[in-house]
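The values are calculated or read from the model by the stated rules, or taken from the named source; none is laboratory data. A quick note: this is a predicted structure, and the numbers were derived from the prediction, not measured. Reconstructed Cβ throughout: ideal geometry from the backbone, glycine too, with neighbour counts over all protein chains shown.
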Amino acid sequence: MKKQLSLRRVVGSIAAAVLAAAAVWLLCRWVGYDLQLRVGNQPVYEIVNDDYTRVIDLPEEGFDQAIPLQAGESLYGVRLRFSTHGQLYRAGMVMVDLCDATGHELRQAAGNYANVFDDNFTGFSFGAPYTAEQAETVYLHIYNAVEWEGPLGLWASETAVKDLPLTADGKSQNATLALQYMTDYSGSWPTQLANELAPLLAGGAFAAVLLAGLQLPLAVTVAVAGLLCGLAFVRVTPALVAPDEYTHLAAAYELASRLGGEQPTDADGNLLVRECDAPYFGTRTGEIGILAYKAEALAIEQEPGGPDELTAASAAKAGQGSGNYLPQALGLRLARSSGAGFYVMLRQARIFNLVFYLMLAVLAVALAPAGVRGLLACVALLPMPLQLAASLSPDASVLGMVFCYMALCLRLRRKRAVWWEKILLIALGGAVGPAKAIYLPVVLLCFLIPVENLMGSTEFVKGPFGARVRSGRLIQAAALILAGCLWISANLGELVYAARDISLAVLVVGVAALAAAVGLVLWLYDKVHTDPKKLCLFRCGLGCTVVLAVGGGVFALSHMGGGLEPDQLLMTNPNGDSIWTFSLGYICRNLPATTKLLLRTIPEQGALWLQGILGTTLGEPIVYRIDVSWLLGVGLVLALLAAALPVQGTDAPLGRRTKIGVVGIILCVVASSLVVALNWTPINYQTLFGLQGRYWLPILPLVLVLCKCGRNITLRHDTSRGAALAVTACTLLTLLQGFGLYASWQPVS
């Protein structure tokens, strides 16, 4: 019976997976067909001669219009302005041949008279573009292929424009036709690109359904489905369009140069790059649209690349980042060593970053306790982390490290740690500290672990001044101290800038007093935690002390003086932004104004924050608002809630006191992100500037763990595999719709 059920499950899972893959394949074909109708066969014109004041009738032998081309310049066709002298032609054919100086035909285009209207431009597209190998002059031979009744004229200038003479049967017409070059053409690229995406997306659907049906470990689902969806994001996200990717490119490129033993900067601090890479380095987000996709695909096929010699000074400055760029830098290093072109190099760096993120995500899911594994897998497969991982963003490795640290802390709540888990806990805590400034409070998760689970062979260790310290506390202290020291070394400059209008001496004294207070609290807790009466008094005293300290601190900071003068408040940049931004001192002195700014921000930007957490807004939202359907966002939220609901008969992952601690950690991360965003918000703004929902992705699993601790709504069976499948399905649909939105994007006039 078990064998029969197993066989039925395998066959049913394979059949369902095949159907899912077929459905996704058909969706890809539909997207390609729809895009082809909307943005396919679309030309891009460049005006060459806009001076036209007379009409010259097309002679029997035709016209020859000279066209000078530069080396490497491509011509997809031309657009000419015709005159039918007020008549509507119903039959006939106009031919436009592109010929070289000897009269050899290079390209040909035809236009039916039914499409030629009086005093209107008519486009003639060649079957394939002509690209000049060297500077040369080619000729448009315009003639009538079928006899017609009545004259057909072309608009032209009164005199010939330089380098653009018009001749007929070898005789100069002392004129130049009203002429536009077709410099680009979308052709059938929408269909072609959609067809190239189909295998990846169909493979992702097949793998997700099959793995869910066979009930394989969720870590396998994250690895396989995440890899296929991530590779699709590598293709779907246009070059340098992921969040801040041009900055991350410069930072990873600099690290790659240092890994190769090369000097990455010139005397002015500009980043040195290969000659073939220089045009792509700058301070702006990349282009989107079907023509951007086309240019990238053609460059991958035809781009020659170049040797790994840093001979060109780019527009990017060196020193834009450090740390968390090692995977991207390795990808760039290997691509440069092999002489790959820019787009191949960029894709390889993206893939390296994706693989590193997935390794950490798989490790996190494998380390997590069974009750938390499903929600962690769902978060790892969301569109936003996969989009970040499939770019050059260092946030992907930060996400992976935080997920691993969080999973290990929850794992060790239920079991005694072995030696490698203790080492991993300290290493991950130290890595999370400097990864990104706002995530330092996450290191406090080590206190979720009962100290007994971290003890070694001896329970107590002799400390300074004869104190006896439990050995498990040393593991927690090591993680905290390592994270704190690395955090200070990585963020000291930013911290000093944020506190630029606060006395440094006062700041140092305050930090020292806080550290001493924390040490005293921990020491007292260790002394009284075994005595219920003393522990109750300790908690009451600690609560009163915290309330008094917070109230007194806020009062002191808000009355410390040293604010901006009235004339300083009026100083603005040319764009109207104040030259002053919110600092720690300004925030403390203007708490009511800061609170009002945050309250205005929540209704205005709250929906965008949720989109940023889920990934239903793609690319760089400050530059391009590529928002997929809100239905996909609803589906992702429901899938996350399904993974977060507790199952009947299972223990809550957190106790009552630890839940309070987790809430405190979440609030600390949120508060830190708000302070950082305020630090680059001009003081004359009415809402917060630059805060994005993706900054809160690392604490999303903690929020879901809190949901799992509730007991108001419970499930009879575990739905984690179904939730992971639903998240994968929504991610695939996000990719499909995102590709369509990227390809069909048009600038708003």
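Residue pairs whose Cβ atoms lie under 6 Å apart, sitting 6 or more positions apart in sequence or on different chains, and linking a residue in segment 315-332 that is under 10 Å from Leu255 (Cα atoms) and among the hydroxyl-bearing types (Ser, Thr, Tyr) to a partner that is part of a loop (DSSP other than H, G, I, E, B) and at pLDDT below 80, do not occur here. The number of residues in segment 56-75 being over 53 Å from the mean Cα position of the chain (by Cα) and in a strand (DSSP E or B) comes to 2.
When Leu106, Leu88 are checked against the criterion of being at negative phi and more than 47 Å from the chain's Cα centre (by Cα), a single residue qualifies: Leu88. Scanning segment 586-615 for residues that are within 17 Å of Gly690 (Cα to Cα) and among the aromatic types (Phe, Trp, Tyr) yields one hit, Trp609. Entry remark, segment 199-236: residues being within 12 Å of the chain's Cα centre (by Cα) and more than 18 Å from Gly331 (Cα to Cα) number 1 in total.
Can you go through Val78, Val94 and tell me which one is part of a strand (DSSP E or B) and touching a helix residue (DSSP H, G or I) at 6+ places or on another chain (Cβ under 9 Å)? Walk me through how you get there before you give the answer.
Numbers: Val78 fails: touching a helix residue (DSSP H, G or I) at 6+ places or on another chain (Cβ under 9 Å).
So the residue among Val78, Val94 that is part of a strand (DSSP E or B) and touching a helix residue (DSSP H, G or I) at 6+ places or on another chain (Cβ under 9 Å) is Val94.
Looking across segment 231-249, the residues that are assigned to a helix (DSSP H, G or I) and farther than 18 Å from Leu298 by Cβ come down to Leu231, Ala232, Phe233, Glu245, Tyr246, Thr247, His248, Leu249.
Here is a yes/no grid of residues against (1) surrounded by fewer than 17 Cβ atoms within 10 Å (Cβ to Cβ); (2) of a type in the set (Lys, Arg); (3) modelled with pLDDT of 90 or more; (4) under 30 Å from Asp501 (Cβ atoms):
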| site | (1), (2), (3), (4) |
| --- | --- |
| Gly615 | no, no, yes, no |
| Glu620 | no, no, no, no |
| Val628 | no, no, yes, no |
| Val634 | yes, no, yes, no |
| Ala639 | no, no, yes, no |
| Val662 | no, no, yes, no |
| Asn679 | no, no, no, yes |
| Ile683 | no, no, no, yes |
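Scanning segment 250-277 for residues that are crowded, with 20+ Cβ neighbours inside 10 Å, not in a loop (DSSP other than H, G, I, E, B) and not hydrophobic (A, V, I, L, M, F, W, C) gives Tyr253, Glu254, Ser257. Residues in segment 280-329 that are farther than 25 Å from Arg258 by Cβ, among the polar types (S, T, N, Q) and crowded, with 19+ Cβ neighbours inside 10 Å: Thr285 alone. Taking Val94, is it under 27 Å from Thr159 (Cα atoms), touching a Gly at 6+ places or on another chain (Cβ under 9 Å) and either at pLDDT below 90 or among the aromatic types (Phe, Trp, Tyr) (or both)? Against the criterion (under 27 Å from Thr159 (Cα atoms), touching a Gly at 6+ places or on another chain (Cβ under 9 Å) and either at pLDDT below 90 or among the aromatic types (Phe, Trp, Tyr) (or both)), Val94 qualifies.
When Val705 is tested against (1) under 28 Å from Ile665 (Cβ atoms); (2) under 22 Å from the mean Cα position of the chain (by Cα); (3) aliphatic (A, V, I, L, M), just one condition goes unmet, and that condition is (2).
Every listed requirement among (1) modelled with pLDDT of 85 or more; (2) part of a strand (DSSP E or B) is met by Leu346 save one, (2). If you go through segment 464-498 and keep only what is modelled with pLDDT under 70 and surrounded by 14 or more Cβ atoms within 10 Å (Cβ to Cβ), you end up with just Val469. Residues in segment 114-156 that are more than 16 Å from Asp64 (Cβ to Cβ) and among the polar types (S, T, N, Q) were compared, and the one that is surrounded by the most Cβ atoms within 10 Å (Cβ to Cβ) is Ser125.
Please determine, by comparing only the residues of segment 278-296 that are out of contact with any helix residue (DSSP H, G or I) (no Cβ under 7 Å at 6 or more places or on another chain) and not in a loop (DSSP other than H, G, I, E, B), which one is nearest to Pro190 (Cα to Cα). Checking each candidate, the answer is Leu291. So is Thr176 among the polar types (S, T, N, Q), more than 37 Å from the chain's Cα centre (by Cα), over 30 Å from Leu733 (Cα atoms) and crowded, with 20+ Cβ neighbours inside 10 Å or not? Answer is yes for this residue. The selection criterion, being closer than 20 Å to Val727 by Cβ, in contact (Cβ under 8 Å) with a residue 60 or more places away in the chain, out of contact with any strand residue (DSSP E or B) (no Cβ under 7 Å at 6 or more places or on another chain) and in a helix (DSSP H, G or I), does not hold for Leu631.
Applying the criterion of being under 15 Å from Ile502 (Cβ atoms) and among the hydroxyl-bearing types (Ser, Thr, Tyr) to the residues of segment 574-593, the residue that is surrounded by the fewest Cβ atoms within 10 Å (Cβ to Cβ) is Thr581. Taken over segment 669-679, the criterion of being in contact (Cβ under 8 Å) with a residue 12 or more places away in the chain and either touching a Cys at 6+ places or on another chain (Cβ under 6 Å) or under 21 Å from Tyr586 (Cβ atoms) (or both) is satisfied by Val670, Ser672, Ser673, Leu674, Val675, Val676, Ala677, Leu678, Asn679. With the condition kept exactly as written, say whether any residue in segment 497-507 is under 21 Å from Gly429 (Cα atoms), assigned to a helix (DSSP H, G or I) and touching a residue at least 60 places away in the same chain (Cβ under 8 Å). No; the residues of segment 497-507 include none that is under 21 Å from Gly429 (Cα atoms), assigned to a helix (DSSP H, G or I) and touching a residue at least 60 places away in the same chain (Cβ under 8 Å).
When you look at Leu697, is it surrounded by 19 or more Cβ atoms within 10 Å (Cβ to Cβ), of a type in the set (A, V, I, L, M, F, W, C), within 30 Å of Asn195 (Cα to Cα) and at pLDDT 90 or above, yes or no? Steps first, please.
Details: surrounded by 19 or more Cβ atoms within 10 Å (Cβ to Cβ): yes; of a type in the set (A, V, I, L, M, F, W, C): yes; within 30 Å of Asn195 (Cα to Cα): no; at pLDDT 90 or above: yes.
It is false that Leu697 is surrounded by 19 or more Cβ atoms within 10 Å (Cβ to Cβ), of a type in the set (A, V, I, L, M, F, W, C), within 30 Å of Asn195 (Cα to Cα) and at pLDDT 90 or above.
Between Val11, Val55, the distinction of being among the β-branched types (Val, Ile, Thr) and in contact (Cβ under 8 Å) with a residue 40 or more places away in the chain belongs to Val55 only. Only one entry in Asp501, Asp526, Asp531 is in contact with a strand residue (DSSP E or B) (Cβ under 8 Å, 6 or more places away or on another chain) and either surrounded by 15 or more Cβ atoms within 10 Å (Cβ to Cβ) or more than 22 Å from Pro434 (Cβ to Cβ) (or both), namely Asp526.
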